[in-house]
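Participant: Pasting a structure below so you can have a look.
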């Protein structure tokens, strides 16, 4: 399986089929599409993959239908669609479904083949509402594109300089959604996340000239938005990256269908595929190593909640129907646990020998250590003691113990509202 959230779609769909309600509240109807596929084809990993294929087909259909509305030339040199179609379809299906509607909304708004402006506005508005229904962020992005399109491009320098100053006024410690990260340049972070293909597409968007002249004002708007996204306003790995790949896909609407553009798009595909082959971990978790530790953890009678890294939790819940949290347990999660149960943790990236050797005042810190391949199963209360012990010693292992591999942050309140249970 590719994608780092795909099993979550399965968890939501199974809950719909078994209880009639989502496991965690979400307005998007995309989970009902997964549930429908499961009801017809059965609940399995293979059918989760089918859902991803359906998502890619949907996005391709919307991309080419939108280009038809724009009457852009589609010839033999434009057979390769944007690589963003596959990236979005497999990594972010909910966002991909919403982007399909947003592409149609933008195409109808600009279409010269529909002479009646009222029809164009109503159609565009309906598709924008659907985009927001499937994914709120995409709906907001569409509205932002429209607003930016109305502003004269001669003020772009002022807007860009203002964006550079804006991070100075964002207080990360008091804002859960806007997180200013000035440690790295965002496009460099994108390269670290998904490879050179992302940088190629970004350069093509911001500096490319091979566009449909009749839609040049909109393309310049999208290009300027792509430039604005180098400003680290959001936590790049979460929000800003998703916005960037959406903007890249929108920009592909307005490129010419000729030999030059076909070569550029083909090169994009080659770069993305090369990265996928060389660094598959950027696009998926090692799910093949998760079955045995998941099965063992699920078989423990008093396991009321498992703490593990993101990706494992969704896999674990999908296959074993047990609660898992990829955050440090908070009061909400503890309150929802069954009575007379304990919290266990799957430690990743720290060897069993290191855990067994940890002692304080001559006594071992861990009362239970169960080796499970690349994971070590321990009690959460022992793990908290171990973290304190590492901090007192200023141990090098603290870097691993407090990382995505071993969740140590509590859920922000806006995520708690979306998660009723342990996930």
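The values are calculated or read from the model by the stated rules, or taken from the named source; none is laboratory data. Treat the numbers as computed from the prediction; the structure is a model and nothing was measured. Counting neighbours? That spans all protein chains shown, and the Cβs are built from the backbone with ideal geometry, glycine included.
Participant: Just checking, which of 1, 84 is outside the structural domain of residue 148 (by TED's automatic domain parsing), closer than 25 Å to residue 285 by Cα, surrounded by 17 or more Cβ atoms within 10 Å (Cβ to Cβ) and touching a helix residue (DSSP H, G or I) at 6+ places or on another chain (Cβ under 8 Å)?
Facilitator: Checking each option against the conditions leaves just 1.
Participant: Yes or no: residue 319 in the same structural domain as residue 375 (by TED's automatic domain parsing), in a helix (DSSP H, G or I) and under 16 Å from residue 8 (Cα atoms)?
Facilitator: Spelling it out, residue 319 is indeed in the same structural domain as residue 375 (by TED's automatic domain parsing), in a helix (DSSP H, G or I) and under 16 Å from residue 8 (Cα atoms).
Participant: Quick one: in the range 293-303, of everything that is in contact (Cβ under 8 Å) with a residue 24 or more places away in the chain and out of contact with any strand residue (DSSP E or B) (no Cβ under 6 Å at 6 or more places or on another chain), which residue is nearest to residue 408 (Cα to Cα)?
Facilitator: 294
Condition check ((1) out of contact with any helix residue (DSSP H, G or I) (no Cβ under 6 Å at 6 or more places or on another chain); (2) in a helix (DSSP H, G or I); (3) not assigned by TED's automatic domain parsing to the domain that holds residue 377) across all residues:
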{"site": "249", "(1), (2), (3)": "no, yes, yes"}
{"site": "263", "(1), (2), (3)": "yes, yes, yes"}
{"site": "269", "(1), (2), (3)": "yes, yes, yes"}
{"site": "297", "(1), (2), (3)": "yes, yes, no"}
{"site": "306", "(1), (2), (3)": "no, no, no"}
{"site": "315", "(1), (2), (3)": "no, yes, no"}
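Participant: Report whether or not residue 34 is part of a helix (DSSP H, G or I) and surrounded by fewer than 13 Cβ atoms within 10 Å (Cβ to Cβ).
Facilitator: Against the criterion (part of a helix (DSSP H, G or I) and surrounded by fewer than 13 Cβ atoms within 10 Å (Cβ to Cβ)), residue 34 does not qualify.
Participant: May I pose another question? Counting only residues that are outside any helix (DSSP H, G or I) and touching a residue at least 40 places away in the same chain (Cβ under 8 Å), how many does the range 94-121 have?
Facilitator: 4
Participant: Another one. Does residue 335 qualify as being touching a strand residue (DSSP E or B) at 6+ places or on another chain (Cβ under 6 Å) and either surrounded by fewer than 18 Cβ atoms within 10 Å (Cβ to Cβ) or in contact (Cβ under 8 Å) with a residue 60 or more places away in the chain (or both)?
Facilitator: The answer is no for residue 335.
Participant: Based on this model, can you work out whether residue 20 counts as closer than 30 Å to residue 316 by Cβ and over 23 Å from the mean Cα position of the chain (by Cα)?
Facilitator: Yes: the conditions hold for residue 20.
Participant: Starting from the range 211-233, take each residue that is at pLDDT 90 or above and list its partners that are surrounded by fewer than 20 Cβ atoms within 10 Å (Cβ to Cβ) and in a loop (DSSP other than H, G, I, E, B), counting only C-beta distances under 9 angstrom and pairs at least six apart or across chains.
Facilitator: 221/151; 223/208
Participant: So, residue 43, is that one in a helix (DSSP H, G or I) and outside the structural domain of residue 321 (by TED's automatic domain parsing) or not?
Facilitator: Criteria not met by residue 43.
Condition check ((1) over 18 Å from residue 307 (Cα atoms); (2) surrounded by 15 or more Cβ atoms within 10 Å (Cβ to Cβ); (3) assigned by TED's automatic domain parsing to the domain that holds residue 297) across all residues:
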position: 340; (1), (2), (3): no, no, yes
position: 357; (1), (2), (3): yes, no, yes
position: 375; (1), (2), (3): no, yes, yes
position: 386; (1), (2), (3): no, yes, yes
